[in-house]
Every structure is written in C-alpha cells, then in structure tokens.
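A short write-up of the structure that comes next.
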Number of protein chains: 2
Amino acid sequence: MIFNIEHSDAGSQARAGAIVTSRGIAKTPLFMPVATRGTVRALSFRELDEIGFEMILSNTYHLYIRPGMEVMGEAGGLNNFMNFHRPLLTDSGGFQVFSLSDLCRVFPEGVEFRSHLDGSRHFFTPEKVLDIQKVIGSDIMMVLDQCASYPVTEEEAAGAVEKTVDWAEKSMGHWKGCFDREKQALFGIVQGGVFRNLRRECAGRLMDLDFPGYAIGGLSVGEPGEAYRDITSFLSEILPVEKPRYMMGVGSPLEILHAVTYGVDMFDCVMPTRIARNGTLFTSRGRINIKGSIYEKDFNPLDDQCLCYVCRNFSRAYLRHLFRVGEISALSYFTYHNLYFMKSFFNEIREGIISGNFSDICKKWESVYLSGNGKN
Amino acid sequence: MIFNIEHSDAGSQARAGAIVTSRGIAKTPLFMPVATRGTVRALSFRELDEIGFEMILSNTYHLYIRPGMEVMGEAGGLNNFMNFHRPLLTDSGGFQVFSLSDLCRVFPEGVEFRSHLDGSRHFFTPEKVLDIQKVIGSDIMMVLDQCASYPVTEEEAAGAVEKTVDWAEKSMGHWKGCFDREKQALFGIVQGGVFRNLRRECAGRLMDLDFPGYAIGGLSVGEPGEAYRDITSFLSEILPVEKPRYMMGVGSPLEILHAVTYGVDMFDCVMPTRIARNGTLFTSRGRINIKGSIYEKDFNPLDDQCLCYVCRNFSRAYLRHLFRVGEISALSYFTYHNLYFMKSFFNEIREGIISGNFSDICKKWESVYLSGNGKN
C-alpha cells in the first residue's frame, strides 16, 4: 500500500490523496461502506459498484464465525468469494468480540470468547487475527486492539492502552515475519478513550513501531461531541502527517467534516445503511424519516438535489408506501440513496479540498445539519 | 386491448401471439410477475425491466387497503405511482377477500369483509372493484368472482358459479357504461371447481357476455394434478379460440406447459418469487434448495446454463452463505434468478411454438421436472 497526499487545504489540516493497493486506487478522503458478512446489507454489488465506492470494509469476526475460514480459503479470499475486486479493508474482530460475544475474557496472549451464534469457544490472539485476515486477503488489515467502552475510568482506559500497545508489537512482529507487506498493509489503532495523555502515549508507542497507517479507535462510542472533537484535533498534532489516518466507525456528516478538518483520510460507518433500514434518509436539507404522514401524498423525490437512481425514479409517497407495507425493496432503495448521499458528500469534500473551498463546504453542511432537521 | 395470434402449434392447441395495450405490447405465452403491493418483492424495477417482463400483475385488494385509493388517485394510477410504464393487469381483489380477510360475508350485491390489517369493515361490489381498478389504471381488469376452495361440494361450487356469473353480468354492464373500453379491458373468470358441467356452464354464460378475454380461476388451489389437467384441457374445447386465455395463479413449469398445450396464453404466479425467498431455485436440471450443506463449498453458479446477473457473478457457496446469515441481498439475488428463469422458460416456449418444436420443449422439461430434482 502506498499513500499519496495530493492536495492540502490552506485553512485546515484537511488533505486529499490516494491509497494505492494492488487491487486499485482509492481516493481520499474516503468512505468505506460496511460489508459486514461479505455484502453490504440490502444492496447488490453492482449497485455498490455503480455508486462508485473505491474501498469497502468487512468484519473479520463475522466472517470467521460464518462462513468460516475453510470456505473462505477455498474461495480464494473474500474478494473472490463475493466477486468484488476493489480494495478491501478488514477490522481485527476485536470490537465484535468485546461487544457481541457472550463470554469474553482477556489474557495477556489474547482474548477468549464464545460465538454469539452457537456459544462455541474461540481464542483470538494478535497473530491469529492477522492469519485470518491473510485468508480473507484484505488489502489493509487492522491489529487486534482493546476498545474501552464509554464511560470508563482512566485506569481502565490505561489498561486497554497497555493491552493495545502490547498486541500491536506482537502484530508488527508477526506481520514482518509472515506477510507479503506490499500486498497486505497493517494499521495500528490508537486507543485511550477521552484522555489526552493516554491518547498521546498510545499514539507515540504505536508510532515507534512505524505502522503504514494509523486508525483512531474508541471514538463515537457514546462520549459527548466535545470529547470527540477534542481527541480528534489533539491527535492531529501527533500522528505522522505522511501516513493515512482512519477514523473507525464514524459517522455522521458533521463528525466526518470535523475529522477531515483535522487530517483524517478514511472512514467507515454502518450508520447510513442502518438508519436507511429504519426509514431515515440523508438529504441536502437534513435528515428525514419517511414514516412521517406528511409524506403520504408527497410526490417529490427523497431529495430534489440528488441524482441517484431512487431519487430520479420514485416519489416519497411511493417509497413511504413500500416501507409501511414492509417491502424489502424499500430497504434496498433507502440503502442505495443514503450510500449515494455519502459518496456525493465525500466527492464534494474532496473537490472542496482540491479547489480551495473546503471551509465553505463545512459551513454549508453545518448550517444544514445543525439546524432543525435532525441532529448532525 | 387487442389480441393477435401469430403462430399456432401443429401438434397441440398452443399458440404464440401478442396482447396490445395502450402501454405497449406483451408477447404470449406470457408470464406476469406479481407486484402485490406495487412492487415485486425483493426486486427493484430496473431489475424487472432488465429481465424483460412485458406485463405485470398487481393486487387490487392490497392496494385498496394500502396506500388506499386517495393516494393512488393523486399519484395518477399505479403505473405512475411506481414509475413503471409497461402493461398492467389487476385482479379484482375477490381472491384476497375470501382468503385473507377475517370476516367475509357474501351478499347478492357483493361481499362484506374486514381488512386483514386493522379490522376495518369494507364492501366490494362488482361495480366498486372496477371503479378501484379505474383509479389504479390497469390495462386489463378482472371481474369480481367467487373462487370456491378445494375440496368443495358440487352444490357449493355451483353456488359460487351462480354468484360469479351474476357479478360478471353486473361488471359487464358497468364496464360498458362507465369505462374507456379500449384503454381498460375486462376479463371474465371461469369458475366451477373440478366439475366439468359447472365449468361448461360458467364458461358458456360468460361467453354470452362476450368478454375481451377469459381467465380460468379456482385451479391449482389444492386439487390433484389430474383434475387440474382435466379441467384445463376440457375448457380448451369451450373457450373461444380468438380471445386470450389467462390461467390465474399458476404456476409450476409443468402446470404451465400443460396449460400452454391447451391454448392458455397468460399466467401469473407468486411461486417463483415466494420459493426464492425460501432459498429454492429453479435450474435447468430441476429445483435446488441452497440451504443444503452440499453447497457449502460449491463454487459453481446456481445454474451453469443460466445467463442471469446472479449466475454470471456469484457461486452457490457465496449465495448459501448470504442466505444462512440472513442477508436481504440473498433474497434479491434468488428472486432475480427465479424470475430470469421464468422469463427464459417462456421465451423458450414461445420460440418453440413459432419454430415448430414445442413438443420437444415439453419433453425436455418433463424429463427434468418429473425426475429426481423436486416435484414439477
């Protein structure tokens, strides 16, 4: 993996660049839709392709549970399995282990857990999750880390940082020993909760290991928006400028704009697809929920500024009807629209950085998403 | 509506023709996918378009309940509402009233029922269901009829025929008085259960009313295959050759081939889409159910003879995985494949009739669908 910065914003730390992998180029700032179990929910791959996403994320934990690594191996990796050949990033599975599995015990060597599905017992080590990601064949792999929940004491957060750094060292050793490092890059993950000192320490010790890229983990997990913004801007002064920065699991348009302002290049989030399945749509005038009776006879598109297939073809009244009667196609249409919105949003951000009016774009979206229509 | 017979099979009563409506031409024999509530389940309209269906069916009862006729009227009819502008056929709602609604009482004037959704009370008359179909704007409307269930006594079946004919007369009067008959055609429905004498009587009395087309109702509702075949072939001697014949709610490949052999031109059935959502796929070698563990590492397409998007892109192993983890996209892919299969099947039937090898096609499919792989 190679990361090139092509343009830097004059008024902020925002930058536009490109991540080059053996599967192709992904321009940054970049949004990765989440293909949790080898598909983006409610969407076909040709729709994803059409929207134009250049990299997707998939979840190691879920793929490990099902279909399992035997099938994955015989398929020749996830890209072959799902027949989608653009760049792929996978998480380490750690987040799901800590949040989903029934029983989860942390040892120095790794984490023991039971499958959320059948209760079977498993053990993830820093080395094992990389071996799994080798079978999956991802272009960018993530290290096993320990994400502290929110709220958390400073002591607990410090323990999670200790574990995260220790596992990062083991990950780096295993990666250097057993991987084609040009083909499969490895990112470290900065933890430390809302504590600046822990974030500084974690970032510093990871940087000593010299990862090809750095992720910011453990944000947007329930902390106040102020803490999110504080840690994001704080880390922007620490992380190396020349390496890609990835904000994990974020987020809303305003969270994204803030992070881009502070030099973050990559994002993933299930939010656009998850809220879509609940009938909530992003529009150029804010969020709307299609269930509202005001849309019963509204024959306008979801967003009259949007050029997506759904907005070019269907009315709010029709889509509301489909959603109310429980049609699957409503979920597909909404998912499509929200992802199209995200892609257009990121295109606009990138073009703004390149053309020098990124701050105007920030102002525009702040006025839309801080106003009446739905929080950020 | 105009119906033209273009080719007649030498060895059977099968014929190839075209139904011409103001919204376009639909070549026969014709399969109509079912867009129950204004969409084919789990499929987008552009996918439907791509497969190439020339006419679809929608259900008056469901649309009447939701979104209701006020929305439908303001939308300018169903085709505008769903932005799909190919020919549309609607049923009368009678079948759903009798099978779905909680309370259903038949009066000489029509049928009283409660909505399956909220228990609200409604009354359908022959005239009212046509007025609803006028708002919907269907190219082909169906009369209100009474479909006897199976098994049923001859007396009960005779009563249903009596009601059906009586309502057909009222429908014809209303249609002649209040409709643009060139734009919205009206089909009569032959009832009579498995009783030849009742079928003859019903067909004869409907033919006195001179409908533009005739549907065969009340078959494939649980009766033995022999009774289905007997009534189908029996009616082929009675119904006027020059009018289109529509077998309602049928069905499986072999039921369809039998009916085509006896001169039936039109079909609709939820079966291909319904079984798809259960993981059952039509293939050129018979039905398969993707849940089977034999497909766990089967990296072949669903059907290696099929040229559909799904078969060109995804393996059985991948699709099985998606289905097992409950991904919506599996339902969409399976629906797409099964409808593509049906369209190809009907293309083959039509080409067989035109080129003179329809009987070979029947033999081929009988050997596939009577053999090991799943009933018909």
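The values are calculated or read from the model by the stated rules, or taken from the named source; none is laboratory data. None of these values were measured; they are calculated from a predicted model. All Cβ positions, even for glycine, are placed from backbone atoms using ideal geometry, and neighbour counts span all protein chains on display.
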- Query: What number of residues within region B:87-100 are out of contact with any helix residue (DSSP H, G or I) (no Cβ under 8 Å at 6 or more places or on another chain) and outside any helix (DSSP H, G or I)?
  - Reply: 2
- Answer with yes or no whether A:ASN197 is among the polar types (S, T, N, Q) and either in contact with a strand residue (DSSP E or B) (Cβ under 6 Å, 6 or more places away or on another chain) or within 30 Å of B:GLU74 (Cβ to Cβ) (or both). no
- Looking at A:ILE288, is it surrounded by fewer than 18 Cβ atoms within 10 Å (Cβ to Cβ), modelled with pLDDT of 95 or more and either touching a Ser or Thr at 6+ places or on another chain (Cβ under 7 Å) or more than 17 Å from A:GLY225 (Cβ to Cβ) (or both)? no
- Note on the structure: Within region B:1-44, the residues that are within 14 Å of chain A (Cβ to nearest Cβ) and at positive phi are B:GLY38, B:ALA42
- Task: May I ask you to list the residues in region A:137-158 that are within 18 Å of the chain's Cα centre (by Cα) and of a type in the set (A, V, I, L, M, F, W, C)?
- Result: A:ILE140, A:MET141, A:MET142, A:VAL143, A:LEU144, A:CYS147, A:ALA148
- Could you check B:TYR214 against (1) assigned to a loop (DSSP other than H, G, I, E, B); (2) within 25 Å of B:PRO33 (Cβ to Cβ); (3) without any contact (Cβ under 8 Å) to a residue 40 or more places away in the chain and say which number it fails? (1)
- Do you know which of the residues in region B:71-115 that are hydroxyl-bearing (Ser, Thr, Tyr) and surrounded by fewer than 20 Cβ atoms within 10 Å (Cβ to Cβ) is farthest from the other protein chains (Cβ to nearest Cβ)? B:SER99
- Query: Within region B:124-132, is even one residue in contact with a Gly (Cβ under 9 Å, 6 or more places away or on another chain), surrounded by fewer than 24 Cβ atoms within 10 Å (Cβ to Cβ), free of Cβ contacts under 8 Å to residues at least 24 places away in the same chain and more than 10 Å from every other protein chain (Cβ to nearest Cβ)?
  - Reply: yes
- Message: Given the criteria at pLDDT 95 or above and small (Gly, Ala, Ser), does A:GLY137 qualify?
- Response: yes
- Message: Restricting to region B:4-44, count the residues that are among the charged types (D, E, K, R) and out of contact with any helix residue (DSSP H, G or I) (no Cβ under 6 Å at 6 or more places or on another chain).
- Response: 4
- Of these, A:SER171, A:SER138, which one is under 15 Å from A:VAL111 (Cβ atoms) and out of contact with any Cys (no Cβ under 9 Å at 6 or more places or on another chain)? A:SER171
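To keep it simple, each residue is scored yes or no on (1) in the same structural domain as B:GLY225 (by TED's automatic domain parsing); (2) among the small types (Gly, Ala, Ser); (3) assigned to a helix (DSSP H, G or I).
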site: B:GLU112; (1), (2), (3): yes, no, no
site: B:HIS122; (1), (2), (3): yes, no, no
site: B:SER138; (1), (2), (3): yes, yes, no
site: B:ALA157; (1), (2), (3): yes, yes, yes
site: B:ALA168; (1), (2), (3): yes, yes, yes
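To keep it simple, each residue is scored yes or no on (1) surrounded by fewer than 22 Cβ atoms within 10 Å (Cβ to Cβ); (2) in contact (Cβ under 8 Å) with a residue 40 or more places away in the chain.
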residue	(1), (2)
A:GLY263	no, yes
A:PRO272	no, yes
A:SER293	yes, no
A:TYR318	no, no
A:HIS321	no, no
A:THR335	no, yes
A:GLU351	yes, no
- Note on the structure: A careful count of residues in region B:323-333 that are surrounded by fewer than 23 Cβ atoms within 10 Å (Cβ to Cβ) and either more than 17 Å from B:PHE45 (Cα to Cα) or in contact with a Phe, Trp or Tyr (Cβ under 7 Å, 6 or more places away or on another chain) (or both) gives 5
- Working only within region B:10-64, note down all residues that are part of a helix (DSSP H, G or I) and over 30 Å from A:GLU50 (Cα atoms). B:THR60, B:TYR61, B:HIS62, B:LEU63, B:TYR64
- Taking region B:33-58 only, how many residues are closer than 21 Å to B:PHE358 by Cβ and buried (at least 23 other Cβ atoms within 10 Å of the Cβ)? 0
- Message: Checking B:GLU226 against (1) surrounded by 21 or more Cβ atoms within 10 Å (Cβ to Cβ); (2) part of a helix (DSSP H, G or I), only one condition comes out false. Which one?
- Response: (1)
- Task: For region A:176-223, enumerate the residues that are touching a Leu at 6+ places or on another chain (Cβ under 9 Å), of a type in the set (Lys, Arg) and crowded, with 17+ Cβ neighbours inside 10 Å.
- Result: A:ARG199
- Query: Does A:ASP360 count as surrounded by fewer than 20 Cβ atoms within 10 Å (Cβ to Cβ), free of Cβ contacts under 8 Å to residues at least 24 places away in the same chain and in contact with a Gly (Cβ under 8 Å, 6 or more places away or on another chain)?
  - Reply: yes
- Of all residues in region B:145-155, which are part of a loop (DSSP other than H, G, I, E, B) and either surrounded by 15 or more Cβ atoms within 10 Å (Cβ to Cβ) or of a type in the set (D, E, K, R) (or both)? B:ASP145, B:GLN146, B:CYS147, B:ALA148, B:TYR150, B:VAL152
- Item | Residues of region A:167-186 satisfying the condition of being of a type outside the set (S, T, N, Q) and either farther than 21 Å from A:THR90 by Cβ or in contact with a Ser or Thr (Cβ under 7 Å, 6 or more places away or on another chain) (or both) | A:LYS183, A:LEU186
